[in-house]
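Only the coordinates and a few stated rules stand behind these numbers; no lab work does. Worth saying up front: this structure is predicted, and the values here are computed from it rather than measured. No Cβ is skipped: glycine too gets one built from the backbone with ideal geometry, and neighbour counts run over all protein chains shown.
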Amino acid sequence: MTISRSVLSVLMAVIVLSGPAGLQEQVNPADAWEKRFNDLQPPDKVMEAIGVKPGMVIGEIGAGRGRYTVLLAGNVGPAGKVYANDIDAGSLAYLRERCQRDGIGNVVIILGRMDDPLFPAGSLDMVFMVNTYHHLARPVVLLRNLIPGLKPGAIVAVVEHDPDKSGAEFQKESTSQEALRKQAADAGFEVVRVETFLKKDNIYILRVKEP
């Protein structure tokens, strides 16, 4: 997922207003953004809630610059793999460099299509997306296109802002439970669990409906 212009503008304004001391520290707005969202969505708690385990193969949609990708890769370990998908080639280029810099060898970069992440068939134990669902132009189509890549029993884990608790700041970057459940059902999934412990988000666990 890419950083919105409004968020980056606010962060840059904070740096400028902080004066010489702030400029001396050379705060990277992207790093500040990652820290802020990791505080809102603590990765250790999220990954525990969705059941990330060593050896899993995970497809991440909207991986962006890799805020969660590198952590997923660490948790699945060398026996596992993360397919990091995005439609933003620039963000994926940064993520590739990030993995090389940090010695992360179990991430495969995939430049996908708007409605299809192009994950390998029958390869995934889990699909994960965080702060991405509301950006999908046709969520039902994309969810349907996930099914060929899933192993039997695989889950789709969606971390998404909830309009009822995210406040005005994220109203335009959120999806209601009702809408997400309906879209999942239209795509051939059912929502089997919803975790509500995050401050601004819900975590939805989806599985393909039994025939």
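Observations
- Radius 13 Å from Cβ of Thr175, net charge of other residues (Lys, Arg +1; Asp, Glu -1): -1
- 5 angstrom amide H check on Phe128, placed H, neighbours 5+ away: Gly59, Glu60, Ile61, Ala157
- Rounded to the nearest 20, the size of the Cβ-charge dipole of the chain about its Cα centre is 220 debye, with Lys and Arg at +1 and Asp and Glu at -1.
- Mean residue ellipticity at 222 nm, helices only, the chain: -11000 deg cm²/dmol; runs of at least 4 DSSP H residues each add -39,500 (n - 2.57), and the sum is divided by the number of residues.
- When both bridge partners sit in the chain, DSSP labels roughly 40% of those beta bridges antiparallel.
- Working from label points 7 Å from Cα in the Cα-to-Cβ sense, the Leu40 to Ala179 distance is 1.6 nm.
- Of the residues Asp102, Asp201, the one with the fewest other Cβ atoms within 10 Å heads the list, and the complete ranking is Asp102, Asp201.
- Cross-link partners of Lys165 among lysines (Cα-Cα below 21 Å; sequence separation of 8 or more within a chain): Lys35, Lys45, Lys182, Lys199, Lys200
- Cα gyration tensor category, rounded, prolate or oblate, for region 41-208 with a/c compared to 1.5: rounded
- Listed from fewest to most Cβ neighbours within 10 Å, the set Lys81, Lys182 follows the order Lys182, Lys81.
- Per-residue Cβ neighbour counts within 10 Å put Leu92, Leu72 in the sequence Leu92, Leu72, beginning with the fewest.
- Vicinal HN-Hα couplings computed from phi for region 53-67 (Karplus, 6.51 cos²θ - 1.76 cosθ + 1.60; Hz; Gly/Pro x): 9, x, x, 6, 10, 10, x, 9, 9, x, 5, x, 7, x, 3
- Positive-end residue of Val46, Ala187, Ser176, charge dipole of the chain with Cβ unit charges: Ala187
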